[in-house]
Amino acid sequence: MSGSINDRLSQLSALAEQSSNMRDAFDNDAKRAQRYSVKACDITLDYAKNLIDETSWQALQQLAADSKISTLRQQMLQGAAINNTEQRAVWHTRLRQQDVSGLVLDGEDIGQQISDCRARMAALVDTLHQQQYLGYQGSAITDLIWVGIGGSLLGPQMAVEALTPYHCSPVKLHFAGNIDGAVVSDIVSGLNPATTLVVVASKSFGTEETKQNALAIRQWFTDHGADKSAIAHHFWATSSNIAAAAEFGIEQKNILPMWDWVGGRYSLWSAIGLPVALMIGNQNFQQLLAGAEAMDQHFFNAPFAENMPVIMALLGIWYINGHHCQAQALLPYSHYLRLLPSYVQQLDMESNGKSVDRDGHALPYASAPVIWGDAGTNGQHAYHQLLHQSALAVPADFILPLKVKHPLQDQHSRLAAHCFAQTQALMQGKTLQEATAECLASGMSEQQAKALAPHKVSPGNKPSNTLLLPELSPYYLGALIALYEHKVFCQGAIWQLNSFDQWGVELGKQLSGPIYQTLTGNDSHTFDSSTTALIKTFLAAQH
Ligand code: F6P
């Protein structure tokens, strides 16, 4: 391949057409698994079951070498405004750096700010754990409602769930994200405001869902007789918009910082991680940061050929731009990781789901896949049928923690067997000859076998990665999340787009205003005939 990055990306299709059959590749190369596997932070990535050979892999490696990955990575570390449409630095990796002393950005002592924030988070967690945070009627806090959406919710929700075996908090945690009133109604119906703490998590403190949920909860406090000072005592915020949080009634001492240089979907490592620290304790939260920092070090220092995020990024590019796959399945074989696909959906799709490059020119190629998935083995009894036999090609990441904390070891072995069997079945498939032989062996007549065998054929040659974590501990979860962050970063660099803005979400927000005004009779606007009819039907149902 030669020419500009654009040319290279368009040349991938021709290269992809020459892809050899994976089953043959395994038969012809006893060392294939060894050749195409890598270890980072004790996490193993087996990428042997992909549609690559030495020629295509060399070409992809060259693409990485000639791309802006190295430059952009350097600029990121230096604090350059690589989020160019918002003129912001991208420093989420700094948030998990153990030693932040001397970190300065635009003349500000960021290291000190990060240290202060960590200390304040830890102090709040300790006070809650020791049941010394007393509510306005003198009883200890028993429940915490975390109000936020998108990047201010998905990370902590996923990590709290993932680390269930590490939970050690006497305080129960509730997440309120969706503006659907059912969420807050359900949460508060079982709670007592006198023993409930509320954290409003919003970088902008302007997100409608978060504001409305926070207002509804504040009203619930008022309805139960809480006055202004009681409310001030029970409400905290994590935000970079101090003025808006203060206007809401949250005292300065209860506002934990967020910064312009950390995007919402990269903010788990900041005060947005408070629910995680609360549920697993401060020391374990430090381990989460340490695991992410270890993956950062790997990403910053390992040569591209052994660099796990770079390898995963290249495989993704290969399928999107070479094989024209539009989806990517994320299949954690771990009940506790079942929210990972939702988390990575925002991380990947909000970062790289773009149509213009960094300079605003239309991208001549596709970026970001549709990320979807759920915990295995559930999906095997739902959508895996499509993965195995449909004409759609959906590359899949299988993720398995090797050791578990629960006592049902045999079930863990069965889970692992299914995980590995799925990757094997996707790769090798089942030929017509094999299906026919299987039918005959089960006692069918030749005629019966001939009729049924085509239905049992699986084309195979379907790609997958397998990621093996030593265990699902805070450390390895941190490393796993950072791995996906850096994969997305590398892909954004190759696609030459800005992975750190999200202008596409604005239009829907803008349009909902006039519709809401019309629905509530405060104003009337003109819409297309479909929207007008929908509004009319909604209004008719309210009477
Ligand atoms: O609307 C998208 C978005 O801006 C996300 O990028 C962000 O994570 C989420 O909304 C929440 O934003 P905030 O933390 O400002 O409430």
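Laboratory data are not the source of any read-out in this text; all were calculated from the coordinates shown. Since the structure is predicted, the reported quantities are computational estimates derived from the model, not experimental observations. All Cβ positions, even for glycine, are placed from backbone atoms using ideal geometry, and neighbour counts span all protein chains on display.
Computed over neighbours whose Cβ is under 15 Å from that of Ala14, the net charge equals -2, Lys and Arg +1, Asp and Glu -1. Against the chain, whose longest principal axis is taken from its Cα atoms, helix 506-519 shows a tilt of about 60°.
Less than 5 angstrom separates the built amide H of Lys172 from those of Asp143, Leu144, all sequence-distant by 5 or more or on a different chain. What the phi angles of region 103-116 give under the Karplus curve with 6.51, -1.76 and 1.60, with θ = phi - 60°, is a coupling list of 7, 10, 9, 6, x, 9, 7, 5, x, 5, 5, 5, 4, 4 Hz, glycine and proline written as x.
Under a 5 Å amide H cut-off, with hydrogens placed 1.01 Å from N, Ser37 pairs with Tyr47 among residues at least 5 apart or on other chains. Annotation: the residues Lys39, Lys253, Lys456, sorted from fewest to most other C-beta atoms within 10 Å of their own C-beta, follow the order Lys253, Lys39, Lys456.
Enumerate the calculated ³J(HN,Hα) couplings along region 528-543 in order (Karplus 6.51 cos²θ - 1.76 cosθ + 1.60, θ = phi - 60°), each rounded to whole Hz, writing x wherever the residue is Gly or Pro. For region 528-543, the Karplus curve yields 5, 5, 5, 4, 4, 5, 4, 4, 4, 5, 4, 4, 4, 6, 7, 8 Hz. Pairs exceeding a 26 Å alpha-carbon distance, out of Lys49/Lys403; Lys39/Lys68; Lys430/Lys450; Lys39/Lys403; Lys211/Lys253; Lys456/Lys487: Lys456/Lys487. Electrostatic bookkeeping for His298 treats Lys and Arg as +1 and Asp and Glu as -1; over the other residues with beta carbon under 14 Å from its beta carbon, the sum is -1.
When shorter helices are ignored and each DSSP H run of at least 4 residues is given -39500 (n - 2.57), the per-residue value for the chain at 222 nm works out to -14500 deg cm²/dmol. Sorting His412, His525, His543 by the number of Cβ atoms found within 10 Å of their own Cβ, with the fewest placed first, yields His543, His525, His412. Quick one: go through region 358-394 and flag any residue whose amide nitrogen is under 13 Å from the point 7 Å out along the Cα-to-Cβ line of Trp503. Within reach of a label on Trp503: 358-363. Given R₀ = 51 Å, what would the calculated FRET efficiency be for Lys253 paired with Leu452, taking r from the Cβ atoms and rounding to 0.05? E between Lys253 and Leu452, to the nearest 0.05, is 0.10. Which distance in Å, rounded to a whole number, links the C-alpha centroids of region 186-251 and region 49-90? Centre-to-centre (Cα) distance: 41 Å.
Axis angle, to the nearest 10 degrees, between helix 308-317 and the longest C-alpha principal axis of the chain: 70 degrees. Shown in residue order for region 395-404 are the 3J(HN,Hα) couplings computed by the Karplus curve 6.51 cos²θ - 1.76 cosθ + 1.60 at θ = phi - 60°: x, 10, 9, 9, 10, 9, x, 6, 10, 10 Hz (x for Gly and Pro).
Which of the aspartates and glutamates could be linked to Lys172 by a straight reach, that is with a Cα gap under 20 Å, when you skip same-chain ones fewer than 8 residues away? The qualifying aspartates and glutamates are Asp126, Asp143, Glu161, Asp186.
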